[in-house]
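Quick notes on the structure that follows.
Every read-out reported here was derived from the displayed coordinates using simple, explicitly stated rules and does not represent laboratory data. All values derive from a computational prediction rather than experimental measurement. Backbone-built Cβ (ideal geometry, glycine too); neighbour counts: all protein chains shown.
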Amino acid sequence: MPRFQVPLRDMQFTLLQALDGEAHYASLPAEESLTPDLISAIFEEGARFAEDVVAPLNRVGDVEGCRFDQGEVKTPSGFRQAYQQYVEGGWPSLAHDPAYGGQGLPESLGMIMNEMISTASWAWSMYPGLSHGAMNTIETHGTDEQKAVYLTRLVSGEWTGTMCLTEAHCGTDLGLLKTRAEPEGDGSYRITGTKIFISAGEHDLAENIVHIVLARLPDAPQGTQGISLFIVPKFLPTSEGGIGVRNGLSCGSIEHKMGIHGNATCVLNFDGATGFLIGPANKGLNCMFTFMNTARLGTALQGLAHTEWAFQNSLDYARDRLQMRSLNGPVAPDQPADPIIVHPEVRKMLLTQKAFAEGGRALIYYCALLVDRSKLSTSPAAREKADSQLALLTPIAKAFLTEVGFESANHGLQVYGGHGYIAEWGMEQNVRDARIAMLYEGTTQIQALDLLGRKVLMTQGETLKSFTKVIHKFCQAHREHSALSEMVTELAALNTEWGELTLGIGMKAMQNRQEVGAASVDYLMYSGYITLAYLWARMAVEAHRQLKEGQGDGGFNQAKLATADFYYKRILPRTRSLAVMIQSGAEPIMALDAELFSREYG
């Protein structure tokens, strides 16, 4: 049967040793007391909650799903009780400002806690997960009164939050949205319209739900320049901050979906609901990016979650399942057949999962530390550098990790063979649940256009250079490494090629802007493979140091080095084909007239 164990040793190695988290926290104001022992204690307590309380709900949520009845949503058995334990444990407040009831820890630790519960049950984790984006948005853009009323209860977990962007006719193109916001004369607005695909938009876990809604004022310009942002609660707060009357919004239905059945994906109807402007008028999309960037890193976590879950369960199965003999002769002569982990193709799938899980964890933790620096560093230059790297790495993390997460989930099913297709083993659920991650919070294609078009080319490559310089300095420092110089040399060459490919696309785009769209997804995946190569090199250097100095767990460090070697020799070569495809340009894609796609001409 499926299981999940929080990979505490790898989490601690990645954060505290490979990424030098201890020095990172010591450099932040008011975080000097965040010692490795305290971090380990937080991790261990979070692991108990994830394994004992949340993980058993993963299968329950898939089988039962959510129940919809006359506008009300009932979550699967155990979901509400688990959420109450989550609130009682103080987990919602972990990484938020003490001024609003938070514990004041860095956001990176909150993201790592989210990794634990996300892997245990992605569908359950979405209910509290979306609240963090609402908290960040209100904390960044809200008034003091809005923070006092809404932020304090979101931080405590009494209330949860959502973001309401999408409408049936506009999808990603938010410039087309039609939801209206009409001023009432008392500082409030009447919100009218319908939003779709609202995750956790209605449920029975918390007493109130705070919706962060995009809408248009009557005199707003067309397009994205005319969008404003509003707080629209399910229940209007009383003057004392408690629960008041029901607002003019309702859940019209919940979607019947391929996966994440335990999370309610809602159609929300706003029928003259009372809302409150957050941030400047007509600047709502700018403000919403605070929420969206939080959600994109959260979705990157989903890619990691499905990878880790697939790896753990397919590894267990591969060790136990007996089938055929090793080509070099019996490995288990006392058994009727050998365990399938002896077969190279099975090992290749397992090592691919392991490389993506541990490399993806390093990427998310690297981004999490950048979030800390961008918010907490006392140096303006350090904050600016962190923001620049985050701008580049957020679309890479979101799209690349969800793509390879789906690949890893499919490998997990494949390791099980026919049993993987059967529901009771949980592998087919993992595949179904993973598929949405490449779609919501901006599809892979949208993230790729954001990366190449907005983040790289529109900055004349400066955002890219903010990160490639980091890789260059690492390669310079380790080019004479006694055991890893070959790895470092390859990373340095790819880092140079990354800049050359970018320049080539930019030159072509000056003549034909379609070149950007034609190259974008290949470019993003190429960028992802190099980014993970850098992080795997960092982990390899640390693992080698520990082995040489007799520190740490020798077997763990040997496994790190072997997995790094596998990544460089069996996964990183994918960049070769991606480079060729990028250089082939837009012509092979755009040459066929749209009319000739018809089967009549085939």
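Annotations
- Straight Cα distances below 19 angstrom link LYS348 to the aspartates and glutamates GLU308, ASP316, ASP320, ASP338, GLU358, GLU403, GLU407, ASP565, with same-chain residues fewer than 8 positions distant left out.
- Ascending count of other beta-carbon atoms within 10 Å, so fewest first, for MET113, MET288, MET590: MET590, MET113, MET288
- Projected label points at GLN511 and GLU145, each 7 Å from Cα along the beta carbon direction, are separated by 6.0 nanometres.
- With the highest mean first, a sort of the peptides 398-407, 77-86, 146-155 on other beta-carbon atoms found within 10 angstrom per residue produces 398-407, 146-155, 77-86.
- Take 319-330, 119-130, 335-346 and order them by the average number of nearby Cβ atoms within 10 Å per residue, most first; the result is 119-130, 335-346, 319-330.
- Footprinting exposure proxy for LEU15, LEU596 (fewest neighbouring C-beta atoms within 10 Å first): LEU596, LEU15
- Inter-label distance for ALA423 and LEU327, nm, one decimal - labels placed 7 Å from Cα along Cα-to-Cβ: 3.9 nm
- Partner lysines whose Cα lies under 27 Å from the Cα of LYS257, excluding those fewer than 8 positions away in the same chain, are identified as LYS74, LYS178, LYS195, LYS234, LYS398.
- Derived scalar couplings ³J(HN,Hα) [the stretch 147-159; Karplus, 6.51 cos²θ - 1.76 cosθ + 1.60; whole Hz; x for Gly, Pro]: 5, 5, 7, 9, 5, 4, 7, 5, 5, 6, x, 4, 10
- Counting charges near LYS147 (Lys, Arg +1; Asp, Glu -1) among other residues having Cβ under 14 Å from its Cβ returns a value of -3.
- In straight-distance terms, cross-link reach from LYS465 covers every one of the aspartates and glutamates whose alpha-carbon lies under 18 Å from its own, apart from those fewer than eight places away in the same chain; here that gives GLU384, ASP387, ASP450, GLU497, GLU500.
- For THR274, distant residues with modelled amide H under 5 Å away: ILE191, GLY248
- Estimated purely from DSSP H runs of n ≥ 4, each contributing -39500 (n - 2.57), the mean residue ellipticity at 222 nm for the chain is -17000 deg cm²/dmol once divided by its residues.
- Both radii were evaluated on the Cα set of the stretch 114-183; the Rg over Rh quotient, with Rh as the Kirkwood radius, amounts to 1.06.
- The spacing between the stretch 310-366 and the stretch 486-522, judged by their C-alpha centroids, is 35 Å.
- Peptides 297-304, 275-282, 420-427, ordered by how many other C-beta atoms sit within 10 Å of their residues on average, highest first, read 297-304, 275-282, 420-427.
- ³J(HN,Hα) computed for each position of the stretch 493-499 - Karplus, 6.51 cos²θ - 1.76 cosθ + 1.60, integer Hz, glycine/proline x: 5, 5, 4, 5, 5, 3, x
- Alpha carbon centroid spacing (whole Å) that separates the stretch 35-62 from the stretch 1-18: 11 Å
- Matching the structure-derived volume of the Cα convex hull per residue in Å³ against the labelled list (i) 152; (ii) 182; (iii) 279 gives the label (ii).
- For MET163, distant residues with modelled amide H under 5 Å away: ILE212
- Relative contact order for the chain, counting Cα pairs under 8 Å that sit 6 or more residues apart, in percent: 12 percent
- For the stretch 1-156, the fraction of alpha-carbon pairs in successive 5 Å shells from zero, as %: 2, 8, 17, 19, 18, 16, 11, 6, 3, 1, 0
- Put simply, the amide H of ILE243, placed in the peptide plane, has neighbours under 5 Å in THR238, leaving out anything fewer than 5 places away on its chain.
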